Amino acid sequence: MSSGYPPSDPQLDSTGELMAAARSLEDVVDVLRRSAKRILGADGIAVVLRDGEFCHYVAEDSLQPLWKGQRFPLTVCVSGWAMLHGETVAVPDVTSDPRVPIPPYQNKAIRSLLMVPIGSPEPVAALGAYWCAMVFVGEGVISRAQSLAAQAGAAIARINEASLATVDADVPSLAEAPSQPAASAGLSVG
């Protein structure tokens, strides 16, 4: 008898536990770097953070160096497209999709890719998966990549909320401030 739920995925379950234990953005990036390639069956992966109007390639696990440490304008790369539109992009042939700029891929052994935005409602990062052969990425791989992205997005949101709560706890509210006239406390009045 089926419960109506998809079967549990031990690899995604394990990654979910690691994401739940993550205490920093660096931890989240490291979990993706160490697990995504294996979980997706890709030849390489990249973790890309949104940095203002740029994409910053911060981590990778691939057969050859990709773009780690480099920044590209959001509007000229597929990771930026995925973040700006909040949509997953599956590209079977990087040479024939207008969202993929040709020059950065010319000297890379990448033929196909999948780019998944991380974070909601506004993506703050993206996870890229790459294949050396032409691959039509199936729904199962897309679903697993989106699950990884959802786990990472939840971890980042939790870390950001905890960080904001710490900052808020360090700054006394006006109700907690010692009672003194507003002018002597350095506050402007009316």
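Every number here is computed from the coordinates shown, using simple stated rules; none is lab data. Only a predicted model underlies this, so the values are computations on that prediction, with no experimental measurement involved. Positions of Cβ are generated from backbone atoms using ideal geometry, with glycine treated the same way; all protein chains shown enter the neighbour counts.
Some observations on this one:
- Neighbour counts of other Cβ atoms within 10 Å put 83, 134 in the fewest-to-most order 134, 83.
- Relative contact order for segment 10-162: 25 percent, from Cα pairs under 8 Å spaced at least 6 residues apart, divided by residue count.
- Per-peptide average of other Cβ atoms within 10 Å, ordering 69-76, 144-151 highest first: 144-151, 69-76
- Cα centroid separation, segment 78-127 to segment 14-60: 15 Å.
- Remark: segment 10-162 carries a charge dipole of roughly 280 debye about the Cα centre, counting +1 on each Lys and Arg Cβ and -1 on each Asp and Glu Cβ.
- Counting neighbouring beta carbons within 10 Å and listing from fewest to most, the residues 14, 35, 79 come out as 14, 35, 79.
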